[in-house]
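The values are calculated or read from the model by the stated rules, or taken from the named source; none is laboratory data. Just so we're clear, the structure is a prediction, and the values are computed from it rather than from any experiment. Every residue, glycine among them, receives a Cβ derived from its backbone with ideal geometry; neighbour counts consider all protein chains shown. Quick note on the areas: whole protein, heavy atoms, side chains included, nothing else; ligands and nucleic acids left out. Shrake-Rupley method; radii C 1.70, N 1.55, O 1.52, S 1.80 Å.
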Amino acid sequence: GISDPEREAWMRWRLVPLEHHIGVRAVVNRHSIHLTAKVGSLNKQVQIAVEKVVEEAGNLVDLPVDLGSGAKHAKEDYMSMIRPLIEQYGMRVRVGSAATLHIVGPNQPAHDAAALLWAACAQGKSAALVIQAPGQIQALPSEMLTDFEGDLKTMENEFNVEVQKYHTMMGVAGAGQSTVLQARRTLQEMLMFYLPDEFLLLSGLSRLSLTQLRTNGKLKALILRLGCTIALDDSEGTAWICGRSCVEMEKHIEAVLAGRNPLQPSEPGTVGVDLQQGKCEEKRPPATQQRTRVCDDSESSKNISPFLDKEAQQRLEEAVLFGGQQALRIILDPADDLLWPEGEVCNLTWEKLEHFWTDACRSPINK
């Protein structure tokens, strides 16, 4: 069995989309996983899929990152730098001894995150990343890749930043955070120009909308099935989508935000995706590379959980990130003074806790 708490947390996170993908409910106990079929009975394929998740959890790497004397940010700032990878791959970050962070996650994204953080710390710079589907940029045709690298060099000189290509993302490092973020947006625009059918930026999303996307287990199942990568940015109100099925994923995101089931079949006449070939049935016009969603300012200005201080709210958000309702039961303690300071919420049962979080998000978790 898996006894390490970081690997257990990752396994719960990984089982959430799998539950919707194969139609089961999985409950992780200390030494076992209890499976219940949502419809019909369990079959051999379900067992194989769950055993693969257990194997993946056992193969996670634990990488120490020495922040060293160049560290100029708090732990939360470093986590923010790699947050897209944390959300996409379920990586865990914890503080080690002295100025050391430990990254626990799948081999390639964990090494990419560690390399970005180490480079930022060693040089005392700020950093940000642009996530990509694994190897997406590296797979560009040679002539297009040459043109892209030329434009990339021009952008580096313009913003005085350095860009590194990794397998799961591209890292941007520079002296100031504002400059780094400007360069990151320019890099996104470049990627949409070179691969208009494989990169898409949705903007104008409220924090409520982003929470809906983060907490929808069925959407996570679709991300897994379609092979897309998605980065949600609270500060900019954006969703960055990568992969050959990004147009299809946009339709599922719109369904979630409209309160519909993203797993329901698409309406006749909509763009479909051939999952065998990974190609869209029809092209998206270049003018629609970046979409803007008009948000309700009154909703977007509300705090997700007004009863909680910043640290408690981060723990609630982490719970949802790592497994939805099941993680709420495991990670959160309704008697915890940190979560419920000064008795603002008293005699809170697990059911009330889940209801409180669901009501605060105004969207059922794993609906």
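Order these peptides, 105-118, 50-63, by their mean beta-carbon neighbour count within 10 angstrom, highest first. Could you put the intermediate results ahead of the total?
Details: 105-118: 21.6, 50-63: 15.8.
Ranking, from highest mean packing down: 105-118, 50-63.
Distance between the pseudo-spin-label points of ARG225 and ARG94 (7 Å out from Cα toward the beta carbon): 3.5 nm.
Compare the peptides 141-151, 82-92, 207-217 by average per-residue count of other Cβ atoms within 10 angstrom and give them in order, highest first. Write down the numbers at each step before the final one.
Numbers: 141-151: 11.5, 82-92: 23.3, 207-217: 21.0.
The packing order, highest mean first, is 82-92, 207-217, 141-151.
Solvent-accessible surface of the range 1-133, taken per residue with a 1.4 Å probe and all protein chains present: 46 Å². When the listed pairs LYS125/LYS251; LYS44/LYS218; LYS52/LYS251; LYS153/LYS218 are checked against a 32 Å cut-off, the alpha-carbon distance exceeds it for LYS125/LYS251; LYS153/LYS218. Ignoring ligands, DNA and RNA, please state the percent of accessible area on the range 114-208 from carbon and sulfur, probe 1.4 Å. Result for the range 114-208: 52 percent of the exposed heavy-atom area is carbon or sulfur. Here each label is just a point 7 Å from Cα along the line to Cβ, and for ALA49 and SER3 those points are 3.0 nm apart.
When you count the other C-beta atoms within 10 angstrom of each residue and take the mean per peptide, 124-132, 159-167 line up highest first as 124-132, 159-167.
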